[in-house]
1. In segment 342-380, which residue that is touching a His at 6+ places or on another chain (Cβ under 6 Å) and away from the ligand (no atom under 16 Å from the Cβ) is nearest to ILE104 (Cα to Cα)?
2. Which residue out of SER261, SER270, SER320 is within 19 Å of the chain's Cα centre (by Cα) and surrounded by fewer than 18 Cβ atoms within 10 Å (Cβ to Cβ)?
3. Determine if segment 229-245 includes at least one residue that is in a loop (DSSP other than H, G, I, E, B), touching a residue at least 40 places away in the same chain (Cβ under 8 Å), away from the ligand (no atom under 13 Å from the Cβ) and under 30 Å from GLY364 (Cβ atoms).
4. Scan segment 1-36 for residues that are modelled with pLDDT of 95 or more, out of contact with any Ser or Thr (no Cβ under 9 Å at 6 or more places or on another chain) and surrounded by fewer than 20 Cβ atoms within 10 Å (Cβ to Cβ) and jot them down.
5. Between a first residue in segment 262-280 that is farther than 26 Å from GLN70 by Cα and a second residue that is of a type in the set (Asp, Glu) and part of a loop (DSSP other than H, G, I, E, B), which pairs have beta carbons less than 6 Å apart while being 6 or more apart in sequence or on different chains?
6. Can you tell me which residues in segment 298-349 are out of contact with any Pro (no Cβ under 8 Å at 6 or more places or on another chain), among the hydroxyl-bearing types (Ser, Thr, Tyr) and either in a helix (DSSP H, G or I) or within 30 Å of GLU139 (Cα to Cα) (or both)?
7. Looking at segment 95-122, which of its residues are charged (D, E, K, R), within 23 Å of the chain's Cα centre (by Cα) and within 24 Å of GLY72 (Cβ to Cβ)?
8. With the checklist (1) aliphatic (A, V, I, L, M); (2) crowded, with 17+ Cβ neighbours inside 10 Å; (3) away from the ligand (no atom under 16 Å from the Cβ) in hand, flag the one item VAL103 doesn't pass.
Amino acid sequence: MSGNDPQGAPAPERCEVAIVGGGILGLAVARELIARNPASSVCLLEREAALAAHQTGHSSGVIHSGLYYQPGSLKARLCVQGARELYEYCAEREIPHERCGKVIIATRPSELPRLRELERRGRANGVPGLRPLDSAGIEAIEPHARGIAGLLSHATGIVDFPSVARAYAHDLIDAGGTLALGCEVQRVALARRSLRLFHSQGSTEAGHAIFCAGAWADRLAVAAGGEADPRIVPFRGAYLRLVPERRHLVRSLIYPVPDPSLPFLGVHLSRHIDGEVLIGPTALMVGARDAYSLRRLRRRDLLETLTWPGTWRMLAGRWSTGVTELRHAVLRSTLVSAAARYVPELDTADVRPSFSGIRAQALGRDGRLLDDFLVSATERALHLRNAPSPAATASLSIARHVVDVAQRAFDREP
Ligand SMILES: Cc1cc2nc3c(=O)[nH]c(=O)nc-3n(C[C@H](O)[C@H](O)[C@H](O)COP(=O)(O)OP(=O)(O)OC[C@H]3O[C@@H](n4cnc5c(N)ncnc54)[C@H](O)[C@@H]3O)c2cc1C
């Protein structure tokens, strides 16, 4: 059932709560809301004609275990809980998934302290199934990989997130909610006891709204009366795929030790649930929030990035990372070399271009790339303003958190 495309319906003129955004988070929030309040009218408005058209449909497809994140952060707590719940949900709904495990590999002595820190964080976060590895241990798990030390995360897995999103949409519809596709929210107006959402099908008057708009989150928050800070800056992540004859080089998931100053996990090799093996993603700041092609530029998106003081503050300290990412983006051989640090047999002839995804990364006015999930409020509304990876993994627990916050905030308003 999760594979069928759920049917959309016209946007209602009125509802108690409107959710904006039909990615995995909007759908998870809508599903949680109606499960808690079966008598309430909940509608979800999605701009595109299909669900999961942006980040949710363009990811690595990895169920993260929660080992990377700062203990005590929302990411740490919600990822560990969310991964556990997602495995249960997939099993119950018969969504193909695999708890295949992953290895994080250090290839240089300078990476060893960071590898040990990852293990410490993982244990502090309550991640199950962590095991330090020596080089023989790495090769026992990934015979074609090489490194001086590693960390096995047994609880990491893979799934097709669009299938999960579609299953959430079915839950919403089965519980009596409305799903309106092809319905772009363009303006938000505050009335005395409601919000009016003006969209491409007309307008919907909602008692409250929860915006889960991914790369457009800041724009809608500002439209609803929120702060401009933080702004969303799009980072394009492009992937290569291994040709079928070379897929045996990667059994499951091979990751580098990440740079702790960046919110991205670095170029990895990941098996998808459909059997493809991907290499990537890159992390290149781009000129459109939907820059699936490198050539796509949108004037408004570009201006919003270039006029944001945080952009220049961030770039000032990161020129060399930017140059490396640019090389990865334009020269296939440099991306393959980055992956060949972990799987030395890899060669440029083994890969073909694959898809790309655009990360919606919140960037503060002070130049800080926001690491943790962020929910903020405006009158009668909540906004998910930063929901990068592992938000797809954590979708069920993020939804519970958002609905808890919403109930407290909305109960205070008439
Ligand atoms: C390259 C890449 C790799 C990733 N890998 C992983 C991974 O392996 N594991 C993991 O857990 N996470 C991963 N992530 C992160 C994960 O994909 C996202 O955190 C998650 O999908 C966010 O979901 P979302 O619903 O907030 O956003 P989205 O899926 O982007 O959905 C937002 C939706 O809002 C809609 N919308 C926007 N504006 C409007 C409007 N005005 N009116 C109506 N609708 C609107 C959009 O059309 C879109 O459908 C990855 C992300 C990327 C980009």
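1. VAL343
2. SER261
3. yes
4. If the condition is that a residue be modelled with pLDDT of 95 or more, out of contact with any Ser or Thr (no Cβ under 9 Å at 6 or more places or on another chain) and surrounded by fewer than 20 Cβ atoms within 10 Å (Cβ to Cβ), then ALA35, ARG36 are the ones that fit.
5. ILE273/ASP160
6. THR311, SER320, THR321, THR324, SER333, THR334, SER337, THR348
7. If the condition is that a residue be charged (D, E, K, R), within 23 Å of the chain's Cα centre (by Cα) and within 24 Å of GLY72 (Cβ to Cβ), then LYS102, GLU119, ARG121 are the ones that fit.
8. Answer for VAL103: the failing condition is (3).
The values are calculated or read from the model by the stated rules, or taken from the named source; none is laboratory data. These figures come from a predicted structure and were not determined experimentally. Quick reminder, even Gly has a Cβ in these numbers, built from the backbone with ideal geometry, and neighbours come from all protein chains shown.
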